[in-house]
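Some notes on the structure that comes next.
The values are calculated or read from the model by the stated rules, or taken from the named source; none is laboratory data. Note that the structure is predicted; figures quoted are calculated from it, not measured. No Cβ is skipped: glycine too gets one built from the backbone with ideal geometry, and neighbour counts run over all protein chains shown.
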Amino acid sequence: MDFESAQPSVVKSIKQRDLLNIWLRLYARHQSLPRIEEYRPERIEEELPDLVYYTVDTHQAPPRLTIQSDGTRMSTAYGNTGKGRYLDEYLGARLAPLVMPVYYECIARRLPAYTIANIDDIYGRIVAYERLLLPFSEDGSVTHIIASLKTISEDGGFEIRNLMRGSDKLPVPKLRTIIDRDLFHRAPGRIPSGDVLEFD
């Protein structure tokens, strides 16, 4: 599975971009993966329905990811909750080959991954499924991932229940990227470091 090299601007959702920018600030400060307890976005409660938290065991090959979240929109889209289950088993034999390589690439590269796939809901409306993966570390290896999952339809409304399992068609990948360029966050109006201002 091929992944394009991308800048943070590849992320479409404003809220996902905010989540990424907070991660980038921490990454730039340490020049390494941030710890998950350092990651405290403002108004995180508003985003929780779209967030899934995973623990990562890299001592296994391939790594095993355990779902730590319950009651998210992902649970609705997949038809049942996955808390406490391995992600690959939760996805099942049809979806795991499409989804797991994105997580494995995020872990291997130790960088955010961003993907878009198109899915048909049960009424045939096309839904764009935007996934942002943010890696964290406690011991040098990737130990946690936070996934932000957004569903958007140009048709307006759509049916999220069983979105991922209700169609005979598999999701169609439209974009697969690793965000590996411009890994810094500059606040608006700030002067880039190194620039010298001269005043009369």
Quiz prompt | Members of the range 49-83 found to be surrounded by fewer than 18 Cβ atoms within 10 Å (Cβ to Cβ), at pLDDT 90 or above and in a loop (DSSP other than H, G, I, E, B), listed by number | solution = T58, H59, Q60, A61, P62, Q68, K83
Quiz item: Does at least one position in the range 40-57 carry a residue that is in contact with a Phe, Trp or Tyr (Cβ under 8 Å, 6 or more places away or on another chain) and aliphatic (A, V, I, L, M)?
Solution: no
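Restricting to the range 28-46, give me the number of residues that are crowded, with 16+ Cβ neighbours inside 10 Å and at pLDDT below 95.
Start the filter on the range 28-46 by keeping residues that are crowded, with 16+ Cβ neighbours inside 10 Å, which leaves 33-34, 36, 39, 41.
Right, trim to at pLDDT below 95 and you get 41.
Looking only at that region, the number is 1.
Looking only at the range 6-21, which residues are part of a loop (DSSP other than H, G, I, E, B), polar (S, T, N, Q) and buried (at least 16 other Cβ atoms within 10 Å of the Cβ)?
Keep residues of the range 6-21 that are part of a loop (DSSP other than H, G, I, E, B), which gives 7, 11-13.
Then drop every residue that is not polar (S, T, N, Q), which leaves 7, 13.
S13, the sole residue that qualifies.
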Exercise. Examine the range 150-157 for a residue that is surrounded by 13 or more Cβ atoms within 10 Å (Cβ to Cβ), at pLDDT below 85 and in a loop (DSSP other than H, G, I, E, B), and state whether such a residue exists.
Key: yes
Quiz prompt | Checking L24 against (1) part of a helix (DSSP H, G or I); (2) touching a helix residue (DSSP H, G or I) at 6+ places or on another chain (Cβ under 6 Å), the condition it does not meet | solution = (2)
Practice problem: Being part of a loop (DSSP other than H, G, I, E, B) and over 12 Å from the mean Cα position of the chain (by Cα) is the filter; apply it to the range 107-139 and report the residue that is farthest from S153 (Cα to Cα). | Solution: D139
Quiz item: Looking only at the range 84-106, which residues are assigned to a loop (DSSP other than H, G, I, E, B) and among the aromatic types (F, W, Y)?
Solution: none
